[in-house]
Amino acid sequence: MIIAQKNNVVLRHAKKIDFSQIDEITVICYSAIYQSFVEMVGKDVFQGIYYNSELPWPKSKKIQNNNLFAEHPDWIWVLEEQEHLFGYVSFKLKPEKNYGIFDNNGVLPTHAGQGWGKFMYRHVLKFFRSTGLRFALVETGLDAAHIPARRAYEAVGFDHQDLITMYYQDLSKKNPGSELH
């Protein structure tokens, strides 16, 4: 189903046959974010807390998208130009809590900076409103890899932030303040 069209680009519901392209977009768009995260927390913390050898990050992101599609195929939309996908957005509805949440999304670097993220987000927000939701939520990082995403979210009206940070400690090393008195 077509949601919107701009020039030769169609925003439409994803189809099962789209997933090889969605997977490719996911890996390309999330690689810098993944690398930034590893650098921020450090390789030891990443390996010890987040790494899953049975489900490395590219595979886990692909599974997230596929599982969402299996349960709610209308919650993943794609940007298509001449039968080639170059972006997608996924989301979840939480009507019991009166909000919708943006999930995985990305636009290929060849189309980045041209407003396609904002185009998708505006239509998702319109959809949220049409379902009677009051709030929209998106979670994003504060690192440099997330700057384009933050700019796009702010441009479509996201204006409240809850800034948090995660602290890590390597318990195998002696740390000041860790002794019991």
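Quick note: the coordinates plus some simple rules give every number you see, no bench work behind them. None of these values were measured; they are calculated from a predicted model. Heads up, the Cβs are rebuilt from the backbone with ideal geometry, glycines too, and the neighbour counts pull from every protein chain shown.
Do any of Lys16/Lys118; Lys62/Lys173; Lys43/Lys118; Lys59/Lys126; Lys43/Lys97; Lys61/Lys174 go past 29 Å between their Cα atoms, and which? Working shown, then result.
Details: Lys16/Lys118 24 Å; Lys62/Lys173 36 Å; Lys43/Lys118 33 Å; Lys59/Lys126 31 Å; Lys43/Lys97 37 Å; Lys61/Lys174 36 Å.
Table pairs above 29 Å Cα-Cα are Lys62/Lys173; Lys43/Lys118; Lys59/Lys126; Lys43/Lys97; Lys61/Lys174.
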Practice problem: Project the alpha carbons of the stretch 2-155 onto their principal axes and report the range along each, largest first, in whole Å. | Solution: 45, 38, 31
Self-check item: Signed unit charges on C-beta, dipole axis of the chain, positive-most listed residue Ile164, Leu11, Pro176
Solution: Leu11
Quiz item: Which order results if Ile49, Ile33 are arranged by neighbouring Cβ count within 10 Å, fewest first?
Solution: Ile49, Ile33
Quiz item: What order do you get for Lys173, Lys92 when you list them from fewest to most C-beta neighbours inside 10 Å?
Solution: Lys173, Lys92
